[in-house]
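The values are calculated or read from the model by the stated rules, or taken from the named source; none is laboratory data. Only a predicted model underlies this, so the values are computations on that prediction, with no experimental measurement involved. Neighbour counts run over all protein chains shown; Cβ positions are idealised from the backbone, glycine included.
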């Protein structure tokens, strides 16, 4: 069973593209990680993935993530939320 995390990050006057660029720079080159831009920024790993994209209707970035189990999601969500 897949564990899922869905989160919204509200943006005041933050440049959404700059955040996406920083995320890509952070994850690109990690072992076992593949990055694509089909719908925002998607980062794939064998045990988890996440997608971050700008909302079409609100000033926010939408984060969707899934992992193989709850332990993986706990570990990776802590990693993703740390600078």
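Number of residues in the range 1-52 that are within 20 Å of residue 71 (Cα to Cα), touching a helix residue (DSSP H, G or I) at 6+ places or on another chain (Cβ under 7 Å), in a strand (DSSP E or B) and at pLDDT 90 or above: the value is 3. Of the set (1) at pLDDT below 80; (2) surrounded by 14 or more Cβ atoms within 10 Å (Cβ to Cβ), all apply to residue 83 but (2).
Scanning the range 53-70 for residues that are farther than 15 Å from residue 16 by Cα and touching a helix residue (DSSP H, G or I) at 6+ places or on another chain (Cβ under 6 Å) turns up just one, 67.
Within the range 28-39, residues that are touching a residue at least 12 places away in the same chain (Cβ under 8 Å) reach partners that are surrounded by fewer than 10 Cβ atoms within 10 Å (Cβ to Cβ) and part of a loop (DSSP other than H, G, I, E, B) with beta carbons closer than 7 Å, at six or more positions or on different chains, in the pairs 32/46. Of the residues making up the range 56-68, not one is surrounded by fewer than 14 Cβ atoms within 10 Å (Cβ to Cβ) and touching a strand residue (DSSP E or B) at 6+ places or on another chain (Cβ under 6 Å).
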